[in-house]
Amino acid sequence: MPTLALVGAGPGMGLAIARTFGSRGFDVALISRNKEKLQTLVDRLGQEGITAAAFPADVLDRASLTDALDAAKARFGGIDVLEYSPAPHSPVPGVTLAAPSEATVDNLQPQIEYVFYGAVAAARSVLPAMREAGAGTLLFTTGGGSVDPVPMLGNVNAASAALRNWVLNLDKELAGSGVHAAHVAINVWIGDGGPEGFPTATPEQIAPLYWDLHENRDCSEAVFNA
């Protein structure tokens, strides 16, 4: 069985992506900070006939992230697709929002650590084996502000744009290797509870885009708009 590793797995986009790949024959390694919530997702996927396992880790602790991915490789025999999309649903100490004119090294650095450096660490954990096998997919998610920045998210957008640039460049480097990297920019509010007038979409509407990018090796970026 091929294996999908989801970094930032949760009950929204993570679960929808897991179902998208799991229904097509993938085992799923779920990675996020909360072990109990991960186990709930494992149980839900198991009830749907999808084999999944939980590997707790914090993307701000790159050693724990690497250890989790190593454990997933040992459990499933390797990782064929990596998807990186951590999104805090509760406050993370030191991670705040700032407009461009309010950006400082102090409020930019945590965003870069969370959005960008965690992604680089995750990729470095799985890329060597993918290169050796001559096959693999690396998928990275940001908000639409990585492409069309929003002032209230000035520091987030800067970190997301750095990740986007790196992913597109990585895909160029990997050309001809059999390994494919792609970036997803989600330019909608996911689920309910968004700002009035802001476009929305369900995780189930967005998730098939990830399978399309996995299948289409010539496409390194997709923007999801309502």
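The values are calculated or read from the model by the stated rules, or taken from the named source; none is laboratory data. Values in this document were obtained by computation on a predicted structure and should not be read as measured data. Positions of Cβ are generated from backbone atoms using ideal geometry, with glycine treated the same way; all protein chains shown enter the neighbour counts. SASA here: full protein model, heavy atoms, side chains in, ligands and nucleic acids out. Shrake-Rupley method; radii C 1.70, N 1.55, O 1.52, S 1.80 Å.
Select, from Leu138, Leu97, Leu153, the only residue that is in contact with a Leu (Cβ under 8 Å, 6 or more places away or on another chain) and open to solvent by 70 Å² or more (accessible area, probe 1.4 Å).
Only one candidate qualifies: Leu97.
Which is part of a helix (DSSP H, G or I), surrounded by fewer than 21 Cβ atoms within 10 Å (Cβ to Cβ) and without any contact (Cβ under 8 Å) to a residue 24 or more places away in the chain, of Asp43, Asp70?
Asp43 is the lone residue from the list that is part of a helix (DSSP H, G or I), surrounded by fewer than 21 Cβ atoms within 10 Å (Cβ to Cβ) and without any contact (Cβ under 8 Å) to a residue 24 or more places away in the chain.
Which of the numbered conditions does Ile112 fail, given that it passes all the others? Conditions: (1) open to solvent by less than 20 Å² (accessible area, probe 1.4 Å); (2) more than 25 Å from Ala201 (Cβ to Cβ); (3) among the β-branched types (Val, Ile, Thr).
Failing condition for Ile112: (1).
Inspect segment 187-200 for any residue being under 14 Å from the mean Cα position of the chain (by Cα) and open to solvent by less than 40 Å² (accessible area, probe 1.4 Å) and give the result as yes or no.
No.
So is Thr3 among the β-branched types (Val, Ile, Thr), open to solvent by less than 70 Å² (accessible area, probe 1.4 Å) and either closer than 20 Å to Ala129 by Cβ or in contact with a Pro (Cβ under 8 Å, 6 or more places away or on another chain) (or both) or not?
When the stated conditions are applied, Thr3 passes them.
Out of segment 3-40, which residues are closer than 24 Å to Gln205 by Cβ and assigned to a loop (DSSP other than H, G, I, E, B)?
Gly8, Ala9, Gly10, Pro11, Gly12, Ser23, Arg24, Gly25, Phe26, Ser32
Of (1) at pLDDT 95 or above; (2) of a type in the set (A, V, I, L, M, F, W, C); (3) assigned to a helix (DSSP H, G or I), Leu138 satisfies all except one. Which?
Result: Leu138 fails condition (3) only.
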